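A short write-up of the structure that comes next.
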Amino acid sequence: MSVMGSQSLFFQSSLILFLSTLLAFNFNPLLAYSLKNCTVDYSNNVTWVECMARGLAAVPDDIPKIAVSLNLNSNCISKINTTDLSGLSKLRYLQMENNCISQIDDGAFADLELLELDLGTNNLQNLTDHMFQGLWALITLSVEKNYITYISPLAFKSLISLRTLTIRYNRLHQMTDIAPILQLSNISELILDFNDFASFQSNDLPLTFNKSNLKTLWMIGNRLTKFSIERDAFPNLQQLHLTADTGFEWHVPDPMFLRSLTSLDFFVFNVSREMYRAVLKSVESVQDLSLSYMETERNRDLVDVACQAVALKSLHLSGNNFVSINETFLQSCSRVIWLDLSYNFLEELCEFSLGSMKQLRSLDLQNNLLPRVPLGVRGLETLEILDLSLNVISELGCSDFLNLTRLVNLNLNGNRISTVKGCVFQGLNDLKVLNIRENEVQLLVDFFKVNLQKLEVLDLNMNKLKQLKTGDFRDLTSLRSLNLESNAYYVAHEGAFEGLDNLETLSVTPFCYEMSYISRIFTGMEHLQNLQLHLTSLFESTRTRESNETHFHVVPLPFLKSFAIQNYDWRHEISPDFLKGLKSLEYFAADRFFTASPHPDTFKYTPHLTSLQITQSDLQVFNPQVFQPIPNLQALSLSGNKLRSLDFLSQVNLSLLSWLTLRENQLTVINETIFQSLAALTYLDLFGNPFTCNCSNAGFIQWVKNNNQTQVVNAYQYTCSFPLAEQGNKLLDFDILSCWMDVSFLCFISSTCLVVLTLLASFLYQFLRWQLVYAYHLFWAFLYDSSKRKSGASHRYDAFISYNVDDEAWVYQEMLPALEGEQGWRLCLHHRDFQPGQPIVDNITDAIYGSRKTICVITRRYLQSEWCSREIQMASFRLFDEQKDVLVLLFLEDIPAHQLSPYYRMRKLVKKRTYLSWPQAGQHTGVFWQNVGRALETGDTLTETNDLLTPRLAPESRD
């Protein structure tokens, strides 16, 4: 096969895989994150975690808790600890094949409800008591290709749902090892191939052994010397596969012991005719019999014995080194319906070798050395399936399939056929599937001028066709799938596909001398749904002689859903309208097709497009207007191009795009903000780009690690290409903290903060210093007030006198004689009544809260005194807090309002009161002291207006 053919096959398979994945992929935002060593897929509502071949030495600790399937195959894990899989309660499928596991802790699977567990190809030697504890729902278990020599009787006790156990390629050798397995209530299939069993005997089972529900038993490769069933231990056994060697003994005295057996696969080595006859006699219900590795001289006798079984319907004789089949070899097999002669060395099948098989429906002759269609197949009127693939047939004759009137499926794959004539298939009126792929077909001579109106599938893939003529497929009205992909280009004439009215899938590799034929060869296929087109170069100039057409385009295909183009060396201008008429298109893939960014109008005729793949096209820039007509796009692949920037994505409106693949481009720096325009993006693949590991990618690195929406596939495996010092390192290992430790930036921030603080401090000092001082003292007053209220201090005095020391003479000469001497009030003065040795603040607090009232004797010196200010603050806070009239202001001097501190302004805002002024009393001092006495007699309740003190002499009235 040529390189071109290999590329074509790869392209086709990759397209199918990509399309099927997209169709099944339902994106779930809960899964959108990047794992260090694994990738996550979410398809068919199942969370698949893929960690295969990652060099892991232990189970990763970042497996999502909602994972349903976990693949850890082909790693270096040696032990499964109890905590490795804890918390994965939704896990149903676990694959750990091809590791180095030698130890599994008891209860390691206890948190799981697995349905399938694969531990094959590891280093296990023993299956211990509680190894599979908790796996009550497990259906399938494989521990094949280990070194198991011992199975604990309790190892499978908890596997109450187990149906299939694969334990082949181990070192088991005695029936007692597998007895507990056979007693599992739901066990259906047990695969013990290639162990060390020398015999399989029911007498070796424990006396307590009850009947087993086992339906299929595999014991191939054990070289058994004895198979003995002497009691009804396996009443449900339906399939038995075993190897019989020299000296083999078969002992089943009662056919009822194997009454359900319908399929027997017998690998025979030097077994006598008598023993073979004994085998068939005890399995009277066998319908499907397979005999392999028989000695040539005994073939005839053994096959003759086998065909005497009344129930026999299917006979498999593959792998027996047959060279030819004579007329008598299968003479007694008249009841056989399915005959398998594959994987022999057959060179001839005599004309009447199958003559007695009047009921034969399926004949498998694949992988032999037949140089032509054997004469023995002629006249098999009941034959429906004929497989002649992988032989050396070079020519088909017109009478090769004579009288095969019921043939439905004909497989000629992998031969050497060079020419196909229409007469070859004459009379195959019921043929539905015809496979002639991977031959050397160059010509179709009157190929379909015969009656093949029921043909639905025709595969001519990978041949050497030279041309497709007009009308070659005209009569194939039922054809639904046609594969004409080739490793060599051929001329497809206009009208080559006429008559394929019901065709749904087409893959072609046309070679056209004239560009107009590219579009015209697809006429007449209105129901086509899937098209794969592999293009070649055009020898004619851009403008053809017969047409003014200068662009490539496809004819309208209104039902086409999937369109894939692969180009080898074709170079031509692409029309903006080349997809016109494909209104149902959902998936479009173009490989090496575009030489520049598609025209903005390219997809305006395909509004339902959901998946777009433009790969290997060397695109360096992409016009964002291309996406404007396809707002429903969900999957986009631009891998294998030369894109250097993704800025175009920030200008698109793809709100539904959830799958984005940009592998193998020239992206060095990624701006993470471009993904903000892709609101639904949950899968991003950037593997194989030459990333730069410096601060220009710091934002992208942080986004990959921290975003909770998009899974960046294999992000932890992205490597650095630039600069040279970082080459080969991992992108996500780059230290991004250094990118934010910029000294100049820190200096800028520090100096800015210093300037702002300086300006703020200046503003506060200039305009709010008194308010701040007041707030400070008010806070301390609050603390003292709280402590005094908690202590519940009683009133020892009628009034505490707050005055400045400079006014002490007035207090002792004027106030005390009038209030204490004449009126009898108990007054508290700090010089006289404060407790010695106690802090002055505590004395002030005790005096204020130990008196019913506080009288403040206010002068200018009083306002300038720190202690006097604290006294009036404390009294004011008591007024605010208790809402009682406890404060009396007595002015010894006339003080303008603007000279009063914020304390007194706040007092005015809290309650308007009448203040006493000594200068305004004049000669009426007696009235003055009577007013003071009245103030001391007044109750505690505050009111908005209180005229007990007259006249109104307060300085606040001047504001």
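Among the listed pairs Lys432/Lys464; Lys454/Lys580; Lys313/Lys358; Lys469/Lys561; Lys226/Lys281, those with a Cα-Cα distance over 21 Å are Lys432/Lys464; Lys454/Lys580; Lys469/Lys561. Ranking Tyr343, Tyr93 from most to least accessible surface, computed with a 1.4 Å probe over the protein chains only, gives Tyr343, Tyr93.
For the listed peptides 120-126, 803-809, a ranking on the average number of other beta carbons within 10 Å per residue, highest first, reads 120-126, 803-809.
Phe401 exposes around 0 Å² of accessible area when a 1.4 Å probe is run over every protein chain in place.
List the residues, sorted by chain then number, that are 5 or more residues from Leu443 or on another chain and whose placed amide H is less than 5 Å from its amide H. Distant-sequence amide H within range of Leu443: Val420. Counting only Cα atoms, segment 553-643 measures 32, 25, 18 Å along its principal axes, largest extent leading. Annotation for segment 39-89: trypsin sites (Lys or Arg not before Pro) lying in DSSP loop with at most 15 further Cβ atoms inside 10 Å of their Cβ are Lys65.
From largest to smallest, the equivalent ellipsoid semi-axes obtained for segment 227-331 from the alpha-carbon gyration tensor read 23, 15, 11 Å. For a straight C-alpha distance cut-off of 20 angstrom, the lysines reachable from Lys65 (same-chain residues fewer than eight places away being disregarded) are Lys36, Lys90, Lys705. Surface calculation, 1.4 Å probe, protein heavy atoms: Cys100 sits at approximately 60 Å² accessible. Highest mean packing first, where packing is the average number of other Cβ atoms within 10 Å per residue, the peptides 621-627, 609-615, 431-437 line up as 609-615, 431-437, 621-627.
Once amide H atoms are built 1.01 Å from N in the peptide plane, which residues 5 or more positions from Phe194, or in another chain, come under 5 Å H to H? Sorted by chain and number, the residues that satisfy this are Tyr169, Ile220, Gly221, Asn222. With 10 Å bins beginning at zero, the pair-distance distribution over Cα atoms of segment 110-172 amounts to 24, 57, 19, 0 %. Cross-link partners for Lys853 among the lysines, with Cα-Cα distance under 30 Å and sequence neighbours closer than 8 places in the same chain left out: Lys788, Lys790, Lys884, Lys908, Lys911, Lys912. Put simply, the C-alpha atoms of segment 30-153 give a gyration tensor, and the ellipsoid matching it has half-axes of 23, 16, 12 Å, longest first. Karplus-based coupling profile of segment 135-142, in residue order and whole Hz: 8, 5, 9, 4, 9, 10, 9, 10, with θ = phi - 60° in 6.51 cos²θ - 1.76 cosθ + 1.60 and x standing for Gly or Pro.
Close amide H pairs (under 5 Å, H built 1.01 Å from N) link Leu657 with Ala680, residues at least 5 positions away or on another chain.
Ignoring aspartates and glutamates fewer than eight residues from Lys449 along the same chain, the ones with Cα atoms less than 15 angstrom from its Cα are Asp472, Asp475, Glu498. Rolled with a 1.4 Å probe across the full set of protein chains, the surface gives Tyr489 an accessible area near 50 Å². Using θ = phi - 60° in the Karplus curve 6.51 cos²θ - 1.76 cosθ + 1.60, the 3J(HN,Hα) couplings for segment 74-86 round to 6, 10, 10, 6, 10, 8, 10, 7, 4, 8, 4, 10, 5 Hz; x is entered for Gly and Pro. Here the translational diffusion coefficient of segment 361-504 follows from Stokes-Einstein with Rh set to the Kirkwood radius across Cα pairs; for 20 °C and 1.002 mPa s it amounts to 142 µm²/s. The HN-Hα couplings worked out from phi for segment 858-869 by the Karplus form 6.51 cos²θ - 1.76 cosθ + 1.60 (θ = phi - 60°) are 9, 9, 5, 5, 4, 5, 8, 8, 5, 5, 5, 4 Hz, whole numbers, x standing for Gly and Pro.
The values are calculated or read from the model by the stated rules, or taken from the named source; none is laboratory data. A quick note: this is a predicted structure, and the numbers were derived from the prediction, not measured. Cβ atoms come from the backbone with ideal geometry, glycine included; neighbour counts cover every protein chain shown. We work out accessible area using only protein heavy atoms, side chains counted, and drop any ligands, DNA or RNA first. Shrake-Rupley method; radii C 1.70, N 1.55, O 1.52, S 1.80 Å.
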